[in-house]
Amino acid sequence: MKTILVTGALGQIGSELVTRLRSLYGDGHVVGTDIRSDAGGPTAQGGPFETLDVTDGERFFEIGQKYHVDAVIHLAAVLSARAETTPQFAWHLNMTGLVNALETARQLQCQLFTPSSIAAFGPSTPSDATPQDTIQRPNTIYGVTKVAGELLCDYYHHRFGVDTRGVRFPGLISYVTPPGGGTTDYAVEIYYHAVQEKKYTSYIAAGTKMDMMYMPDALDAIVQLMEADPAKLVHRNAFNISAMSFAPEDVGAAIRARIPEFTLTYDVDPVRQRIADSWPNSIDSSCAVAEWDFRPRYDLESMTTDMLEKLAGRRGLLRS
């Protein structure tokens, strides 16, 4: 049975991924780690949990060796909008953490998954149906770390034979864990505000399309790629994946169809808007489809229905 170490296990992806992996591989075979403690939470209570600062390479390897891990899923990172406020720290955490994850995987001869992002693209990248292989000149520190990370994972695969794998995530939308400092966070917040207040003020301007994905599809993609036949993987570390592309007014209209009194206004944040404008409108996921049969299940309509039902149900507000 595979044993998996997950960093950033209390984050937006990690908190849901650990639960999914434990349901697949067994509670004792998924080790959650985070820089924060979770002594009373479900991630710690449901299976092994260790406190880990991913910039501490010795501790990283120690935990991997202790549990005899077969795979590392490295999620710990500073996200796009937050990274712009502390670029030096973002570089240190994102790159030192990745090097330590790669070194742990190399020494233990295990798999490594780490996500890249649509932030790896930039204003000179083709913005519509962005190809898998294209120019990458991001103008954010987060994007720079993602491009460097893609290249570093390729290097460790070719130089040391590490079984590295990864995807370029779009904006991720979840009803379980609040967002954590990304440019696409509005697409999560808008649902929370729709249920609680029937209104939302978007910091991203109308007409700004970005790729998005519902968290269940993102979790499926991680598991599916980790289980994929390595002989079929051409790109390995930076597969374009996306489920939908929309602007704020599109998700607003989808919500209004279900909550007619919902109103959407705008107060644009120039920093996050500049980041969003540098990213693609839509990306081409055909390589992921061809190489490991990537197939998202949710579009904007089905995601909106599920998000609103789940959020309303959690607050005792579910409509009949």
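The values are calculated or read from the model by the stated rules, or taken from the named source; none is laboratory data. Values in this document were obtained by computation on a predicted structure and should not be read as measured data. We place every Cβ from the backbone using ideal geometry, glycine too, and count neighbours over all the protein chains shown.
Pick from V223, V162: which is within 18 Å of the chain's Cα centre (by Cα) and either at negative phi or among the hydroxyl-bearing types (S, T, Y) (or both)? Exactly one of V223, V162 is within 18 Å of the chain's Cα centre (by Cα) and either at negative phi or among the hydroxyl-bearing types (S, T, Y) (or both), namely V223. When S282 is tested against (1) surrounded by 21 or more Cβ atoms within 10 Å (Cβ to Cβ); (2) within 18 Å of the chain's Cα centre (by Cα); (3) not charged (D, E, K, R), only condition (1) is not met. Take the residues in region 96-114 that are under 30 Å from D277 (Cβ atoms) and among the polar types (S, T, N, Q); name whichever of them is surrounded by the most Cβ atoms within 10 Å (Cβ to Cβ). Only one residue tops the list, namely T114.
I need the full set of residues from region 272-297 which are assigned to a helix (DSSP H, G or I) and of a type in the set (K, R), in order please.
Looking only at region 272-297, we keep the residues that are assigned to a helix (DSSP H, G or I), and these are 272-277, 286-292.
If the condition is that a residue be assigned to a helix (DSSP H, G or I) and of a type in the set (K, R), then R272, R274 are the ones that fit.
Considering only region 151-229, give the strands (runs of 3 or more DSSP E) lying wholly within it that have at least 1 residues that are over 27 Å from A71 (Cα atoms).
Working: elements: 167-169, 171-173, 199-202, 210-214.
Answer list for region 151-229: 199-202, 210-214.
Screening S286 against (1) at pLDDT below 95; (2) out of contact with any strand residue (DSSP E or B) (no Cβ under 6 Å at 6 or more places or on another chain); (3) hydroxyl-bearing (S, T, Y) leaves a single unmet condition, (1).
Determine which member of the set T19, T43, T33 is in a strand (DSSP E or B) and of a type in the set (S, T, Y). Outline the logic, then answer.
On the way: T19 fails: in a strand (DSSP E or B); T43 fails: in a strand (DSSP E or B).
Answer to the check: T33.
Of all residues in region 157-177, at least one satisfies being surrounded by fewer than 18 Cβ atoms within 10 Å (Cβ to Cβ), over 26 Å from W91 (Cα atoms) and either touching a Ser or Thr at 6+ places or on another chain (Cβ under 8 Å) or not basic (K, R) (or both). In the set T184, T208, only one residue is β-branched (V, I, T), under 23 Å from Y298 (Cα atoms) and touching a Gly at 6+ places or on another chain (Cβ under 9 Å); that residue is T184. Applying the set (1) crowded, with 17+ Cβ neighbours inside 10 Å; (2) touching a His at 6+ places or on another chain (Cβ under 9 Å) to K2 leaves exactly one unmet item: (1). Under the condition of being touching a helix residue (DSSP H, G or I) at 6+ places or on another chain (Cβ under 6 Å) and either closer than 22 Å to P270 by Cα or buried (at least 20 other Cβ atoms within 10 Å of the Cβ) (or both), the residues counted in region 115-135 number 4.
When restricted to residues that are closer than 20 Å to C153 by Cβ, out of contact with any Cys (no Cβ under 7 Å at 6 or more places or on another chain) and among the hydrophobic types (A, V, I, L, M, F, W, C), region 53-87 contains 10.
Return the only residue of L98, L79, L52 being modelled with pLDDT of 95 or more and closer than 25 Å to D185 by Cα.
Details: L79 fails: modelled with pLDDT of 95 or more; L52 fails: closer than 25 Å to D185 by Cα.
Result: L98 is the single residue among L98, L79, L52 that is modelled with pLDDT of 95 or more and closer than 25 Å to D185 by Cα.
A120 falls short on exactly one of the conditions (1) under 30 Å from A247 (Cα atoms); (2) at pLDDT 95 or above; (3) in contact with a Ser or Thr (Cβ under 6 Å, 6 or more places away or on another chain), and that condition is (3). Of all the criteria given as (1) touching a helix residue (DSSP H, G or I) at 6+ places or on another chain (Cβ under 9 Å); (2) within 23 Å of V223 (Cβ to Cβ); (3) not acidic (D, E), the one not satisfied by T145 is (2). Every condition in (1) within 24 Å of A120 (Cα to Cα); (2) touching a residue at least 40 places away in the same chain (Cβ under 8 Å); (3) β-branched (V, I, T) is met by T85 except one, and the failing one is (2).
Within the bounds of region 220-231, is there any residue that is out of contact with any strand residue (DSSP E or B) (no Cβ under 6 Å at 6 or more places or on another chain), closer than 25 Å to T183 by Cβ, buried (at least 18 other Cβ atoms within 10 Å of the Cβ) and outside the structural domain of S127 (by TED's automatic domain parsing)? Scanning region 220-231 turns up no residue that is out of contact with any strand residue (DSSP E or B) (no Cβ under 6 Å at 6 or more places or on another chain), closer than 25 Å to T183 by Cβ, buried (at least 18 other Cβ atoms within 10 Å of the Cβ) and outside the structural domain of S127 (by TED's automatic domain parsing).
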